Each structure stands twice: as structure tokens, then as C-alpha cells.
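Enquirer: Before I ask anything, here is the structure I am working with.
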Amino acid sequence: MLKNENANLEKIVFIIYLLHFFSALTGLLTPALIVTAFLTGWPSIVAVIMSYFWRNDADGTYLESHFSWLIRTFWFTVLWLIVAWFFIVTIIGMVIGIPMLLAVGIWVMYRLLKGIFAMNSRRGVL
């Protein structure tokens, strides 16, 4: 891959991380939880679409792992959000569901930070 193409993909991955961070910080700074803002905020939805669109261009580079990392973060968050809400709608499960949402929010922030630090070092994240 040409250096110029790699630089463009680095910018795209950085923008994707910023979109996810914007959604997560919106959840942190507003009454919404990090995890719900991450999944329902338009920036994260745009970011996951961008990840799917651009990931084939990163084949064979360290950026390929970042696209996979971001896509997996989004979909595992969706999964855990569904499980947490299932617990919340049951009376007994509320004790489990709300802490689970908080834990998933912390996990999302961890994944985003780990990914952006790895990208800053120009290395894969997986």
C-alpha cells in the first residue's frame, strides 16, 4: 500500500475513533449512560458504517485490526445492551442490569482508549 493511501486511512480511522468518543462523552456528560449514547448516537452509527466501508482498503496493514476492533466494540456493546435491558425489565434483574450498563460503558471507554493509543503508536490493536 502506498504511504499516501495509508496516511488517508489513518485519518479515516482517527475520525471514526473521534465519532465514537463523541458519542461516549455525550453519554458521560448528559443524563444518558455511556453505553446507550454510544449505540444510539448518530456519530457511532456513522462510525460503524464508515468502518465497514473502509476496512477492505486496510487489508494487510495495521489499520485492519483497528477497523475490526471498532466494529467488534460496537456489536458486542449492542449485545450487552440487549442483555442488560432484558435484566432491567425484570424486577429482580434491575439489580444486575443497571450495574451491567455501567460496566459496559467503562468497557467501551477502555476499548476506545486502547485503540487510539495503539493507533497513535502505529501498531495493531488486536
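The values are calculated or read from the model by the stated rules, or taken from the named source; none is laboratory data. Everything numeric here is computed off the predicted structure, so don't read it as measured data. Backbone-built Cβ (ideal geometry, glycine too); neighbour counts: all protein chains shown.
Enquirer: Could you look through region 63-78, keep only residues that are β-branched (Val, Ile, Thr) and surrounded by 18 or more Cβ atoms within 10 Å (Cβ to Cβ), and pick out the one that is nearest to the chain's Cα centre (by Cα)? Explain how you work it out, then say what you get.
Expert: Applying the first criterion (β-branched (Val, Ile, Thr)) to region 63-78 yields 71, 73, 77-78.
Checking the rest, the ones that are also surrounded by 18 or more Cβ atoms within 10 Å (Cβ to Cβ) come to 73, 77.
Details: Thr73: 5, Thr77: 8 Å.
So, considering only residues that are β-branched (Val, Ile, Thr) and surrounded by 18 or more Cβ atoms within 10 Å (Cβ to Cβ), the one nearest to the chain's Cα centre (by Cα) is Thr73.
Enquirer: Using the structure shown, decide if Ala24 is surrounded by 14 or more Cβ atoms within 10 Å (Cβ to Cβ), at pLDDT below 85 and within 19 Å of Ile116 (Cα to Cα).
Expert: Working: surrounded by 14 or more Cβ atoms within 10 Å (Cβ to Cβ): yes; at pLDDT below 85: yes; within 19 Å of Ile116 (Cα to Cα): yes.
Against the criterion (surrounded by 14 or more Cβ atoms within 10 Å (Cβ to Cβ), at pLDDT below 85 and within 19 Å of Ile116 (Cα to Cα)), Ala24 qualifies.
Enquirer: If you scan region 105-126, which residues turn out to be in contact (Cβ under 8 Å) with a residue 60 or more places away in the chain, of a type outside the set (A, V, I, L, M) and surrounded by 13 or more Cβ atoms within 10 Å (Cβ to Cβ)?
Expert: First, pick out the residues of region 105-126 that are in contact (Cβ under 8 Å) with a residue 60 or more places away in the chain: 105-106, 108-109, 112, 115-116, 119, 122-126.
Imposing the further condition that a residue be of a type outside the set (A, V, I, L, M) reduces the set to 105, 115, 122-124.
Of everything in region 105-126, those that are in contact (Cβ under 8 Å) with a residue 60 or more places away in the chain, of a type outside the set (A, V, I, L, M) and surrounded by 13 or more Cβ atoms within 10 Å (Cβ to Cβ) turn out to be Gly105, Gly115, Gly124.
Enquirer: Quick one: which residue in Leu81, Leu102 is surrounded by 16 or more Cβ atoms within 10 Å (Cβ to Cβ) and assigned to a helix (DSSP H, G or I)?
Expert: Working: Leu102 fails: surrounded by 16 or more Cβ atoms within 10 Å (Cβ to Cβ).
Residue meeting the stated conditions: Leu81.
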